[in-house]
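The values are calculated or read from the model by the stated rules, or taken from the named source; none is laboratory data. Note that the structure is a prediction, hence the values are computed from the model and not measured. Ideal geometry is used to build each Cβ from the backbone, glycine not excepted, and the neighbour counts take in all protein chains shown. Please note that ligands, DNA and RNA were not included when accessible areas were found on the heavy atoms of the full protein model with its side chains. Shrake-Rupley method; radii C 1.70, N 1.55, O 1.52, S 1.80 Å.
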Amino acid sequence: MPVNPFTPGETIVVSGIQSSGTLHIGNYFGALRQHIALQKAHPSYYFIVNYHAMTTVKDAGELRAHTLDAAITYLALGFDPDRSNLFVQSDVPLLNELTWIFFCLTPVSQLEKATSYKDKIAQGLSANCGLFNYPILQASDILIYGGTTVPVGADQRQHIEITRNTAQRFNHSFCPEDPVFPIPEAYIVDSVAVVPGIDGRKMSKSYGNTIGIFDEGKVLSQRIRRIVTDSTPLHAPKDPDTDNVFALLRLFADNVKLEEIREAYLKGGYGYGHAKKELEQQILHHFAAARERRRELLAHPDYVMDVLRQGARNARLRADACMERVRELTGLITTYPA
């Protein structure tokens with residue numbers, strides 16, 4: 001009989017990033033930065049969620065390009081493949097088997113209450129089954145590796161609660177005396193829970209209001225110039241706490257520089273154009289080393305693929321052990337050799 005595949009009390013960090021577009025500074029502060037920091041303390045499984053991206057991306061070339069670009073972004077920002085695992089979601093197709101099992105335990109009413117689904121439909125996205133069932137595939141993403149700590153943005157809090165409910169339902173239904181799945185906890189940095197986009201709404205690829213992590217030159221200048229501000233004239237005092245440019249500066253400037261800019265806002269004579277120029281310089285400086293590392297990685301695509309392959313091997317070993325136990329508990333008979 002297969003034994004429990006996960007060690008009780010072990011901390012496993014699991015999270016993913018969607019490959020539905022170019023990654024932006026909202027992705028960095030809301031997820032990527034935490035992913036890279038946590039890998040130093042715990043075993044980690046980070047994946048590029050190309051299955052999830054298919055809910056909105058319908059072009060094969062676009063999906064491939066964004067998937068590889070996400071991997072390069074992780075590595076450029078400091079991901080260490082000797083410490084943790086980076087791989088592509090579709091390299092672990094066992095996810096879909098586990099997702100079906102979870103479907104059979106999940107009330108439709110729970111998914112109908114998902115606010116993320118409602119928000120995306122309100123934005124005009126197609127109400128397809130993939131989008132509706134998104135939280136259950138996400139639950140499989142986390143549980144198949146025995147994830148206990150899940151760094152996510154604040155908007156994903158409800159999805160993690162669905163994951164917790166899913167783990168509890170499975171354990172209660174099939175293995176109440178020896179639970180297979182640990183109950184994961186969301187890891188959310190509330191201070192940067194929402195990064196504003198250039199239109200003032202949450203920065204999101206679906207809104208088209210993003211600033212790319214590696215934007216530079218005219219592209220970066222044009223994006224920053226488009227940040228929405230009010231009509232307060234140059235000479236008048238301004239409220240930094242209600243301004244989108246200052247909200248972004250908070251993420252990049254050190255305390256001394258930030259206080260200097262705050263005082264300039266309140267004094268008057270400091271225009272939004274000045275603040276936007278400062279923001280551009282702060283972004284360029286913050287990502288300078290990563291931008292150079294990205295150029296090196298683009299010149300060595302074989303290295304990137306090797307990292308993804310090794311991460312996938314490690315992830316599949318863990319997923320195989322999980323599914324062997326799950327099949328035994330649920331009565332799924334497998335006659336074809338692995």
*Whole-Hz Karplus ³J(HN,Hα) for region 17-30, in order, using 6.51 cos²θ - 1.76 cosθ + 1.60 and θ = phi - 60°, x for Gly and Pro?*
9, 7, 9, 9, x, 5, 5, 10, 5, x, 4, 5, 6, x
*Per residue, what accessible area does region 185-295 have, given a 1.4 Å probe and all protein chains present, in Å²?*
54
_Probe 1.4 Å, protein heavy atoms only - accessible area per residue of region 1-65 in square angstrom_ = 41
*Of the accessible area of the chain, with the probe set at 1.4 angstrom, what percent is carbon plus sulfur?*
53
*Among Ala139, Ala288, Ala186, which one moves the most in a GNM of the chain with springs linking Cα atoms closer than 10 Å?*
Ala288
*For the chain, with the dipole built from +1 on Lys and Arg beta-carbon atoms and -1 on Asp and Glu ones, taken about the Cα centre, which of Leu111, Asn128, Ser84 lies farthest toward the positive end?*
Asn128
*Counting other Cβ atoms within 10 Å of each Cβ, which GluC sites (Glu not before Pro) in region 147-220 have at most 13 and sit in a DSSP loop?*
Glu177
*Using the Karplus equation 6.51 cos²θ - 1.76 cosθ + 1.60 (θ = phi - 60°), what ³J(HN,Hα) coupling, rounded to whole Hz, does each residue of region 252-264 give in order, writing x for Gly and Pro?*
10, 6, 6, 4, 5, 5, 5, 5, 4, 5, 4, 5, 5
*Loop-resident sites, region 35-113, for trypsin sites (Lys or Arg not before Pro), counting at most 14 other Cβ within 10 Å (DSSP)*: Lys40, Lys58, Arg83, Lys113
_Label point distance in nm, Glu292-Gln222, each placed 7 Å from Cα along Cα→Cβ_ = 2.8
*Match the structure shown to one of the listed values [x] 29, 53, 16, 1; [y] 30, 61, 9, 0; [z] 32, 57, 10, 0 of P(r) over Cα pairs in 20 Å bins from 0, in percent, computed from it, and give that label.*
[x]
*asked:* Under 10 Å, Cα contacts only: if you run a Gaussian network model on the chain, which one of Arg295, Arg309, Arg169 comes out with the highest mean-square fluctuation?
replied: Arg295
_For a test of the definition: using alpha carbon positions, the gyration tensor, and the 1.5 limit on a/c, classify region 115-274 as rounded, prolate or oblate._
prolate
_Just want to confirm a number: the relative contact order over region 1-149, from Cα pairs under 8 angstrom separated by 6+ residues, in percent._
34
*asked:* Taking amide H atoms as placed 1.01 Å from N in the peptide plane, list the residues 5 or more away in sequence, or in a different chain, whose amide H sits under 5 Å from that of Gly16.
replied: Phe47
*Using +1 on the beta carbon of Lys and Arg, -1 on that of Asp and Glu, and nothing else charged, what's the dipole of region 11-154 about the Cα centre, debye to 20?*
280
*Applying 1/(1 + (r/R0)^6) with R0 = 35 Å to the Cβ-Cβ distance of Trp100 and Asp306, what FRET efficiency is obtained, to the nearest 0.05?*
0.65
_Suppose a student asked you for the relative contact order of the chain, using Cα pairs under 8 Å spaced at least 6 residues apart; what percent would you report?_
24
